[in-house]
Amino acid sequence: MRELLAMTAERASRYLEGVQTRSVAPNADTVARLALLDMPLADEPASAELLLQQLDEIGSPATMAMAGPRFFGFVIGGSLPATVAAGWLASAWDQNSSLYNVTPATAAIEQIALRWVLDVLKLPSDCGGAFVTGATVANFTALAAARHAVLAKAGWNVEADGLFGAPPITVIVGAEAHPTVLKALGMLGLGRQRVVTLPVDMHGRIRSETLPPISGPTIVCAQAGNVNTGAFDPFLQICKRAHDGGAWVHVDGAFGLWAAVAPSRAHLVEGIEDADSWATDGHKWLNVPYDNGMTFVRDSHALRAAMAITAEYLPTVSEHRNPADFTPELSRRARGVEVWAALRSLGRTGLTDLVERTCAYARRFAEAFSFAGYQVLNEVMLNQVLVSFGTPEMTKRVIDDIQADGTCWCGGTVWQGHTAMRISVVSWATTYADVEKSIEVILRIAARHRQPA
Ligand SMILES: *Cc1c(COP(=O)(O)O)cnc(C)c1O
C-alpha cells in the first residue's frame, strides 16, 4: 500500500505541474488513445502499480486541464493543494460518514465546516445544513425541506402520504433560473414546467414587482449569481413580498453566495439572509475537489423531516448531529473534510482575496475586450464576462480556435438572443500573468476572424 500510494502521489504531482504548461484541452489523438483502456475484462487480477501506470499514461493526457490556471469555461474552480491532500487522507479513512457515534471524526469535522461556511457567508448560525454532491442536489435537498414545510403548514405530511391528494404547491421561479432548479423540482414531483415563471431584466434578475399575490403553499426560487452575467435577484424585495404571503424563499447560490466574503461585492447579496434555504457549491469558488455542494435550511427541523430515516439497526437517536439525518444519502464520502481544509488553508483573508482577485481578473478581461473594440454584453459585476466577436458565426469560430489553440479554454453561450463567449474566473490557480497571456491569445485569434471594416 505504502509504495502504491507514494507512486500515485508522484504521478499526481507530475500531472499537476504539467497542467501549468500543457494544452488546456486534450488533443484528439490523446482522447482516441482512451480506447486502449477498453480491454476485455480479464479473469486474473492486475497489479495496482500496472493499472495506475496505465491510468496515468493513457488517462492523464486525455483530461481537460480544469485543475490548471487557464480554464475559464462553465464555473469551474480548481482544487486548493490542502483540499487535494485532505481528500486523499479522508479517502484513506474510508468513513461512511452517516452516524456520529460510528464515524465521529468525519461527522464532527463536517459540523465544524458547516458552521464556518455559515459564518463566512453571513447566514443564520443555527441553520440546518448538509454536504451533498453539488448545487443540483443542494437545490433538491433544500426544496425537499421547502416542500415539507409549506405542506406541513397546510396540515399535510408529504413524507408519509406523498403528493397524491396533497394541497397544490405554487412554485415561482425566474425566467433565468438554472436548469438544475427545474430538474430538482421535477424530481420532487413539483414539475419542471408546472411553475409560474417571472420575467427578468437585462441582467437576468427577477423583476420583483411582477411577483403575483401569494396565498396557500408557495415556494419562490431566487438566484444568487446568474451563470451568464453573474447577476443577483433582488432578495430584499422578493423575501419581503413572499414572506408577507407566507411563502418559502429558496436561493440557488451555487457560486454567487460567495460574493458575501468580498467587501466590494457584498452589496450584491443584500437581503439574502432573509431567505429560508440556500444551495451552494464547494467545487466552484471555494476550490475544493469534486464533488462538493452544501444545503442550508433556516428551519433545521424541516430539513431533518425531509431527509431523516429510521431503522432498528441504525441507532440515529444521539445527542450528536447525525449527518445522514440531513442528506439524501445514507453512506457517503466525508465532503466536509475538504471544505474544512479549504477554509483553514485560506483563512478569512485568503478567502476574501480569492473572490476579490478573481472578480478583478474578470474586469481585466472585459476591459481588454472593450478596448480592442469587441462588445461586452454584460455588466461585469462579479466574475463572469460575456463577449461577442461580431456575428454569431464569427463568435463561434473564435471560440473553436481558442479551444484548439489550448492556451486557455472558454465556452460559448446565447445570452438573451446574442451569441457570446463566456469567461468565468474562479480558480485559485489563476494569476495575473495567466489572464494577460489568455487575453493576448484571445485577441490575436479574434483579430484573425475580424471582417475588414
Ligand atoms: C453550477 C450551477 C448549478 C449546478 O451545480 P452542480 O454543482 O453542477 O450541480 C446550479 N445553479 C447555478 C447557478 C450554478 O452556477
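The values are calculated or read from the model by the stated rules, or taken from the named source; none is laboratory data. Everything numeric in this text was worked out from a predicted model, so none of it was measured. Quick reminder, even Gly has a Cβ in these numbers, built from the backbone with ideal geometry, and neighbours come from all protein chains shown. When the accessible area is computed, the model is the full protein with side chains, heavy atoms only, and any ligands, DNA or RNA have been set aside. Shrake-Rupley method; radii C 1.70, N 1.55, O 1.52, S 1.80 Å.
Starting from residues that are among the acidic types (Asp, Glu) and either modelled with pLDDT under 95 or closer than 29 Å to Ala9 by Cα (or both), keep the ones in the range 81-120 and report whichever is least open to solvent (accessible area, probe 1.4 Å). First the steps, then the outcome.
Of the residues in the range 81-120, the ones among the acidic types (Asp, Glu) are 94, 110, 119.
Add one more test, that the residue is either modelled with pLDDT under 95 or closer than 29 Å to Ala9 by Cα (or both), and what stays is 94, 110.
Details: Asp94: 125, Glu110: 2 Å².
The selected residue is Glu110.
Annotation note: Cβ proximity below 8 Å between a residue of the range 341-368 that is touching a residue at least 12 places away in the same chain (Cβ under 8 Å) and a residue that is assigned to a helix (DSSP H, G or I) and among the hydroxyl-bearing types (Ser, Thr, Tyr) (sequence gap 6+ or interchain) occurs for Ala341/Thr83; Ala342/Thr83; Ser345/Thr83; Tyr361/Tyr432; Arg364/Tyr432; Phe365/Ser438. For the range 323-340, a residue qualifies if it is open to solvent by less than 50 Å² (accessible area, probe 1.4 Å), touching a residue at least 60 places away in the same chain (Cβ under 8 Å) and part of a helix (DSSP H, G or I), and the qualifying residues are Pro323, Ala324, Gly336, Val337, Glu338, Val339.
Considering every residue within the range 91-105, establish whether at least one is within 16 Å of the ligand (Cβ to nearest atom), closer than 27 Å to Gly77 by Cα and of a type outside the set (D, E, K, R). No; the residues of the range 91-105 include none that is within 16 Å of the ligand (Cβ to nearest atom), closer than 27 Å to Gly77 by Cα and of a type outside the set (D, E, K, R). In the range 199-218, the qualifying residues are those that are within 16 Å of the ligand (Cβ to nearest atom) and touching a strand residue (DSSP E or B) at 6+ places or on another chain (Cβ under 6 Å), and the one that is farthest from Thr295 (Cα to Cα) is Val200.
Please find, among Ile399, Ile423, Ile442, the residue that is more than 25 Å from the chain's Cα centre (by Cα) and of a type in the set (A, V, I, L, M).
Result of the check over Ile399, Ile423, Ile442: Ile442.
For beta carbons closer than 6 Å, sequence separation of 6+ or different chains, a first residue in the range 54-77 that is of a type in the set (Asp, Glu) and a second that is open to solvent by 10 Å² or more (accessible area, probe 1.4 Å) and more than 16 Å from the ligand (Cβ to nearest atom), the qualifying pairs are Asp56/Arg11.
Each residue in the range 30-75 was checked for being open to solvent by 20 Å² or more (accessible area, probe 1.4 Å) and assigned to a loop (DSSP other than H, G, I, E, B), and 15 pass.
Provide a single number: the residues in the range 164-181 that are out of contact with any helix residue (DSSP H, G or I) (no Cβ under 7 Å at 6 or more places or on another chain) and open to solvent by 20 Å² or more (accessible area, probe 1.4 Å).
Looking only at the range 164-181, we keep the residues that are out of contact with any helix residue (DSSP H, G or I) (no Cβ under 7 Å at 6 or more places or on another chain), and these are 164-165, 168, 170, 172, 174-179.
Going one step further and asking which of them are open to solvent by 20 Å² or more (accessible area, probe 1.4 Å), we end up with 164-165, 168, 170, 175-179.
Residues flagged as out of contact with any helix residue (DSSP H, G or I) (no Cβ under 7 Å at 6 or more places or on another chain) and open to solvent by 20 Å² or more (accessible area, probe 1.4 Å) within the range 164-181 amount to 9.
Taken over the range 268-282, the criterion of being in contact with a strand residue (DSSP E or B) (Cβ under 9 Å, 6 or more places away or on another chain) and more than 12 Å from the ligand (Cβ to nearest atom) is satisfied by Leu268, Val269, Glu270, Ile272, Asp274, Ala275, Asp276, Ser277.
Annotation: of all residues in the range 223-233 being of a type in the set (Gly, Ala, Ser) and either touching a Phe, Trp or Tyr at 6+ places or on another chain (Cβ under 6 Å) or open to solvent by 10 Å² or more (accessible area, probe 1.4 Å) (or both), the one that is nearest to the ligand (Cβ to nearest atom) is Gly225. From the list Thr358, Thr352, the one residue that fits, being open to solvent by 10 Å² or more (accessible area, probe 1.4 Å) and of a type in the set (Ser, Thr, Tyr), is Thr352.
Residue-level check: of (1) open to solvent by 20 Å² or more (accessible area, probe 1.4 Å); (2) among the small types (Gly, Ala, Ser); (3) touching a Lys or Arg at 6+ places or on another chain (Cβ under 7 Å), Ala305 misses just (3). The one condition from (1) open to solvent by 30 Å² or more (accessible area, probe 1.4 Å); (2) within 11 Å of the ligand (Cβ to nearest atom) that Leu236 does not meet is (2). Residues of the range 241-255 include none that is more than 16 Å from the ligand (Cβ to nearest atom), basic (Lys, Arg), buried (at least 18 other Cβ atoms within 10 Å of the Cβ) and in contact (Cβ under 8 Å) with a residue 40 or more places away in the chain. Considering the range 256-267, the residues that are closer than 12 Å to Phe232 by Cβ and away from the ligand (no atom under 12 Å from the Cβ) include one that is surrounded by the fewest Cβ atoms within 10 Å (Cβ to Cβ), namely His267.
When every residue of the range 129-149 is checked against the conditions, none turns out to be more than 15 Å from the ligand (Cβ to nearest atom), over 24 Å from the mean Cα position of the chain (by Cα) and on the phi > 0 side of the Ramachandran plot.
Among the residues of the range 268-285, write down those that are touching a Phe, Trp or Tyr at 6+ places or on another chain (Cβ under 7 Å) and buried (at least 24 other Cβ atoms within 10 Å of the Cβ). Val269, Ile272, Ala275, Asp276, Ser277, Trp278, Asp281, His283, Lys284, Trp285 - these are the residues of the range 268-285 that are touching a Phe, Trp or Tyr at 6+ places or on another chain (Cβ under 7 Å) and buried (at least 24 other Cβ atoms within 10 Å of the Cβ).
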